[in-house]
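Heads up: the structure comes next, in structure tokens.
The values are calculated or read from the model by the stated rules, or taken from the named source; none is laboratory data. All values reported here derive from a predicted model rather than from experimental measurement. Note: ideal-geometry Cβ built from the backbone for every residue, glycine included; neighbour counts use all protein chains shown. Please note that ligands, DNA and RNA were not included when accessible areas were found on the heavy atoms of the full protein model with its side chains. Shrake-Rupley method; radii C 1.70, N 1.55, O 1.52, S 1.80 Å.
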Amino acid sequence: MKVDLGAFVSALKGWTLCINETRCDCMICVRLPDWAGNLGEHEKVYLALYITSKHLLDYRLTASMHIYLVRNKVALRPEILTKALRDAKVVSKIPRAIEEESPYVWEAVLYKGILYAEQILSLGKPIIVKVEPPRDKRARERLRVLLEGKRVTIKGRTYHVGGLTKKLGGQRIAPWAYLLPRRNVPKLLKQVKSRARINVAG
């Protein structure tokens, strides 16, 4: 199994984690103990991320571990994590971020990683964007079509062509009010700021 760590944290782009692969051609390779075969796929990936984070003491890896945990709602008992640390094998092409051995070092890396992960996760949370359209009717309609799309008829069949809101992963919730992932609000502002006033809630 191979996991693209850049999918969780963009700073880890190009880093791949191999889990139980016969050939180690990744940046980091983890061989889980045999008893971990009874775990589900999500649990195995989380376990490998946990082992990797503790082995390398890199807060970015800890952030990817936390993001994976939140997105997949994984839960493993502490004794399983402790046992896996003892029984698993790790091979890494990346040097350890911190050499000092201390439980306080791991706690610092863990909490820094969690804070970093929460910042990344917050970018995907939806926020309300309110648009104050221009008074001119033509300009107003052009803006509405840009944001919400339009209906087109081809050979007697009517289709709805999505607008900018849909392309950015958002949706209309009321007239001139849209729900949009936080990370995509700047893209909307760039397209619309010269045509209308934008208010962002939260």
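Overview of values
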quantity	calculated
Filter result for Glu107 (under 30 Å from His55 (Cβ atoms), charged (D, E, K, R) and free of Cβ contacts under 8 Å to residues at least 24 places away in the same chain)	yes
Within the stretch 1-105, strands (runs of 3 or more DSSP E) holding 2 or more residues that are open to solvent by less than 60 Å² (accessible area, probe 1.4 Å), in contact with a strand residue (DSSP E or B) (Cβ under 9 Å, 6 or more places away or on another chain) and not basic (Lys, Arg)	16-19, 28-31, 89-92
Members of the stretch 122-142 found to be open to solvent by less than 90 Å² (accessible area, probe 1.4 Å), in contact (Cβ under 8 Å) with a residue 12 or more places away in the chain and not aliphatic (A, V, I, L, M), listed by number	Ser122, Gly124, Pro126, Glu132, Pro133, Pro134
The stretch 155-202: number of residues that are touching a residue at least 12 places away in the same chain (Cβ under 8 Å), open to solvent by 70 Å² or more (accessible area, probe 1.4 Å) and at positive phi	1
